[in-house]
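Right, one structure below, let's go through it.
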Amino acid sequence: MKTQKRWISLITIFVFAAAAAGLAVAQQTDRQKMDQAQAGADQTIYDILQKEHNEVKDLLKRIGDSKDPRQTSQLMAQLRSALVPHMRAEEKVVYPALMKDENAKSLALQAQKEHKAAQKVLQDMSRMRRNDAKWQAGFNMLNQSLNTHIENEEGPLFDQAKNVWNDQQARQIAQQYMAAKKQAGAQPRGAKGGKGKGM
């Protein structure tokens, strides 16, 4: 009987210890989520776009350096996965917000044209074999056009946007952009709301 009570006591202690440990882990996870959300809320649209642009430039470089067709295909898939939601979210949130300002409107319209050109090249490349000379020409065009687009966006477009939005507005645009990007990433090609601009 005493042995049974000891086992029950030990089990009870163990259960309470496990529950306390689980609660501590859950609280820590909740704190981490809140910290991440706060860090995200502190980012401006410029911070987010610059980070994403750097990821695209890195992928373009890796594709250009790749000699392995399988690796190139995987990197191209990653590039599409990064670009499509990025472009759709910019077109849904960033550019319309800038078009409200007469001085920024032409820059936003030009950025949209650059998106369409890049999407067309990506679409054309998706129908070609990696060892096709046209594929390489398409990639060279895509690489140059995306790098030029990024320079234009981070230069004149960001400069003009900073004249339009204060820091708080730039953080709000960032949150709207991330929500639109999440939605765009969840939509299949040509889904309603994506305007058929997928690759």
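The values are calculated or read from the model by the stated rules, or taken from the named source; none is laboratory data. Since the structure is predicted, the reported quantities are computational estimates derived from the model, not experimental observations. Note: ideal-geometry Cβ built from the backbone for every residue, glycine included; neighbour counts use all protein chains shown.
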Response to the item:
Within the stretch 98-125, restricting to residues that are of a type in the set (A, V, I, L, M) and surrounded by fewer than 18 Cβ atoms within 10 Å (Cβ to Cβ), the one that is nearest to residue 166 (Cα to Cα) is 99
Item to complete: Kindly indicate whether residue 89 is free of Cβ contacts under 8 Å to residues at least 40 places away in the same chain and under 18 Å from residue 182 (Cα atoms).
Response: no
Discussion item. Looking at the stretch 68-94 only, could you name the residues that are within 20 Å of residue 166 (Cα to Cα) and surrounded by fewer than 20 Cβ atoms within 10 Å (Cβ to Cβ)?
Written reply: none
Discussion item. Restricting to the stretch 45-67, count the residues that are farther than 26 Å from residue 97 by Cβ and either touching a His at 6+ places or on another chain (Cβ under 6 Å) or surrounded by fewer than 16 Cβ atoms within 10 Å (Cβ to Cβ) (or both).
Written reply: 6
Item to complete: Specify the residue that is nearest to residue 170 (Cα to Cα); the eligible residues are those in the stretch 31-52 that are hydrophobic (A, V, I, L, M, F, W, C) and modelled with pLDDT of 55 or more.
Response: 45
Worksheet entry | Close pairs (8 angstrom Cβ cut-off, 6 or more residues apart or separate chains): touching a residue at least 12 places away in the same chain (Cβ under 8 Å) and closer than 14 Å to residue 135 by Cα in the stretch 60-74, among the aromatic types (Phe, Trp, Tyr) and surrounded by 14 or more Cβ atoms within 10 Å (Cβ to Cβ) anywhere | 63/139; 64/139
Item to complete: Tell me, please, whether a residue that is modelled with pLDDT of 95 or more and charged (D, E, K, R) can be found in the stretch 165-172.
Response: yes
Discussion item. Of everything in the stretch 93-125, what is among the basic types (Lys, Arg), within 20 Å of residue 159 (Cα to Cα) and in a helix (DSSP H, G or I)? Give them in sequence order.
Written reply: 105, 113
Item to complete: Could you tell me which residue of the stretch 126-147 is surrounded by the fewest Cβ atoms within 10 Å (Cβ to Cβ), considering only residues that are part of a helix (DSSP H, G or I) and over 22 Å from the mean Cα position of the chain (by Cα)?
Response: 133
Worksheet item: Out of curiosity, is residue 110 at pLDDT 95 or above and over 19 Å from the mean Cα position of the chain (by Cα)?
Response: yes
